[in-house]
Amino acid sequence: MKKDKAVIYWLLSGCVLVFIMVVVGGITRLTNSGLSMTDWHLVTDTLPPLTDAKWNAAFEAYKQFPEYQKINIHNDFQLSDYKFIYFWEWFHRFIGRIIGLVFIVPFVYFLIKKRIDKATLNKCFILLGMGALQGFFGWFMVKSGLIDDPDVSHFRLALHLTFAFITFAYTLWVSLDLIYPDRKQVILPLKKLARITLVFLIIQIIYGGFVAGLNAGLLHNHWPLMSDGQFFHESILLEKDSWLTRFTEGKSGVQFVHRTMAYVVVGLILFLYFKSKQYVLSAQQQNGLNALVVIVFLQFTLGVFTLLYSVPLWLGLIHQVMAFFLLTAMTYTLHRLSK
């Protein structure tokens, strides 16, 4: 099958934009900006307020919601502060619009010109659905923080974050199908192990969303043990009544799973790397595995320092970005081991 570089570049540009959107989303979360736009319209909110009257109207609307009434009203929160948090949430949504245009307009063009084969076309329809669903998840997340609790549901935040990662990974996978159209012999044992590793990596990303949503990185800022020299801190048992809620809703329990799962992910990637030595690998497969090992150790180190320093914005953001790079390397490696 002949490569169509324009289609490949189009899909890769989508990957880049999703990456940028996740980075901006991370800044939005870390600056507590996600609830600043209390009423949102697809067309009229393309640009932020451009006059003092519109800014004041938006600020007055914001004052009617829990984040201002329960938190910011006590912090001498002024219009200038509101403009700062509004920018990040607006910018996050603006990039979402750009992604929609970058996907749909070229897609229609390639469709008319019949430059997309049937298999890729079906995958593109899946991507279109994933993009629409991600927009819904974003609305669903924000809505949870505009009712009574001045913070979004950590379950919904993790859903929104993880689905963005999955959308990115699938877009990359479709791109790789076009970049490497020639099928190679599958190394089945490594493929199975890589799939298992990917599953645990996604679980780790989900728990990263839980930690962010619950601000669970602001306690037990010690490593390798939790507070008071405990591996399994006693507060895990005290926060919630059931084992399920302790590890899905309790701050200590969620952090325990996230920090422990990091060892599991590192161990699986190392196992995959050393097991691969039993086989003759292509240069692409070896490069993917090498990248996985380097990036997972960087990510682990960043996670430790992010915890030790109580999640400063810059470290929290770099940690999230590195998670993206780790998923990229994992997706590439699995693709090369599969096809």
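The values are calculated or read from the model by the stated rules, or taken from the named source; none is laboratory data. Given the structure is predicted, the values throughout are model-derived calculations rather than measurements. With ideal geometry, Cβ positions are generated from the backbone for all residues, glycine too; neighbour counts draw on all protein chains shown. Heavy atoms of the whole protein, side chains included, go into the accessibility calculation; ligands, DNA and RNA do not. Shrake-Rupley method; radii C 1.70, N 1.55, O 1.52, S 1.80 Å.
A few points about this structure:
- Förster-model FRET efficiency, 30 Å R0, Asp228 and Phe163, C-beta, rounded to 0.05: 0.25
- When you filter the GluC sites (Glu not before Pro) in the stretch 192-262 for DSSP loop state and at most 11 other Cβ atoms inside 10 Å of their Cβ, you are left with Glu234.
- Sum of -39500 (n - 2.57) over DSSP H runs of 4+, divided by residues of the chain (222 nm, nearest 500): -24500 deg cm²/dmol
- Across the stretch 220-267, C-alpha contacts under 8 Å between residues 6 or more apart give a mean separation that, scaled by the residue count, equals a relative contact order of 22 percent.
- Filter on Lys192/Lys251; Lys184/Lys275; Lys123/Lys339 - keep pairs with C-alpha separation over 23 Å: Lys192/Lys251
- A full extension of the chain between Phe84 and Gln64 corresponds to an added length of 5.4 nm, given 0.36 nm per residue minus the alpha carbon distance.
- Net charge contributed by nearby residues that have their C-beta within less than 15 Å of Leu237 (K/R +1, D/E -1): -2
- Fraction of accessible area attributable to carbon and sulfur, the chain (%, probe 1.4 Å): 69 percent
- Stretch gain in nm, segment Leu188-Thr260, where the contour uses 0.36 nm per residue and the Cα spacing is subtracted: 23.1 nm
- Relative contact order for the chain, counting Cα pairs under 8 Å that sit 6 or more residues apart, in percent: 22 percent
- Charge tally in the Cβ shell below 15 Å around Val311, where Lys, Arg are +1 and Asp, Glu are -1, Val311 excluded: +3
- Overall form of the chain per C-alpha gyration tensor (a/c, 1.5; a/b vs b/c): oblate
- Centre-to-centre separation between the Cα atoms of the stretch 281-320 and those of the stretch 182-251: 15 Å.
- Were the residues from Lys277 through Tyr109 laid out at 0.36 nm apart, the gain over their Cα-Cα distance would be 56.0 nm.
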